[in-house]
Amino acid sequence: MSRTALLVLTDGRFPAGGHAHSGGVEAAVAARAVHDPATLYAFCRGRLHTAGLTAASLAAAAAVGHDPLVLDEAADARTPAPALRATARKLGRQMLRAARAAWPCEALERLARDLPGGAHQPVVLGVAAHGAGLTALDAAHAAAFDSIGAPAAAAVRLLGLDPFDATAVLARLGDDVDTVARRAADAAARVADEGVGILPAASSPLLDITAEQHAAWPMRLFAS
């Protein structure tokens, strides 16, 4: 079952709301920082090793059963931009709806009760992975891939990029995704002994700044 659950969780058709978000690439396109496959690759690789690593570690920790309320506070501390915190909770609410329908379990129901305002998306993803019988490494892989999948898909729409080129970017990042997922899962395994402070807190200040700018745009294609 777990292999199928992982495929469902990472499927772009999983109704978790990610299609409405660009992962920061819309602002990068507007600034001409992303304009072709090479610059998209650079953007995605940078995002994977910063925001992606942080998200993967939170998801992995939630997947092994650590307190999601504590992890949600850790996610807040690792997300300084208000716009990104709001986005993470919005995506978390949508993912929770989808996960409760796909893998109904007490862990997901408890999350809905304990954080009625919505939890950060990586924390929800990890609890969903736990409920679906996935491992911490599985959850970390799902979160890491999600951190680059959304920007790549958005770039196709924003730039008229050839979908084959966008897919090639994701394929080229396969080893990086594996590296990030393993590092995240290893950190999650240490939380019980060393606390949530051991989880990576990699930052990307430019993503934080452009997220706030993007949120103030009067017209945009993506919500974030």
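The values are calculated or read from the model by the stated rules, or taken from the named source; none is laboratory data. What you are looking at is a predicted structure, and each value in this text was computed from that prediction instead of being measured. Positions of Cβ are backbone-derived with ideal geometry, glycine not excepted, and every protein chain shown enters the neighbour counts.
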Seminar exercise, completed: Subset of segment 158-182, residues assigned to a helix (DSSP H, G or I) and either buried (at least 19 other Cβ atoms within 10 Å of the Cβ) or modelled with pLDDT under 95 (or both), comes to L158, A166, V169, V177, V180, A181
Exercise. Among (1) among the aliphatic types (A, V, I, L, M); (2) in contact with a Lys or Arg (Cβ under 8 Å, 6 or more places away or on another chain); (3) crowded, with 24+ Cβ neighbours inside 10 Å, which single condition is L9 missing?
Worked result: (2)
For this session: Report the residue count in segment 135-144 for those that are surrounded by 24 or more Cβ atoms within 10 Å (Cβ to Cβ) and either part of a loop (DSSP other than H, G, I, E, B) or not small (G, A, S) (or both).
Result: 2
Exercise. If we keep just the residues of segment 81-122 that are among the charged types (D, E, K, R) and under 19 Å from A61 (Cβ atoms), which is surrounded by the fewest Cβ atoms within 10 Å (Cβ to Cβ)?
Worked result: E106
Problem set entry | Members of segment 25-47 that are in contact with a Phe, Trp or Tyr (Cβ under 8 Å, 6 or more places away or on another chain) and in a loop (DSSP other than H, G, I, E, B) | A33, V34
Seminar exercise, completed: Of those in segment 14-53 that are under 20 Å from V177 (Cβ atoms) and of a type in the set (D, E, K, R), the residue surrounded by the fewest Cβ atoms within 10 Å (Cβ to Cβ) is R45
For this session: Give A119, A99, A129, A112 a once-over and let me know the one that is in contact with an Asp or Glu (Cβ under 7 Å, 6 or more places away or on another chain), assigned to a helix (DSSP H, G or I) and of a type in the set (G, A, S).
Result: A129
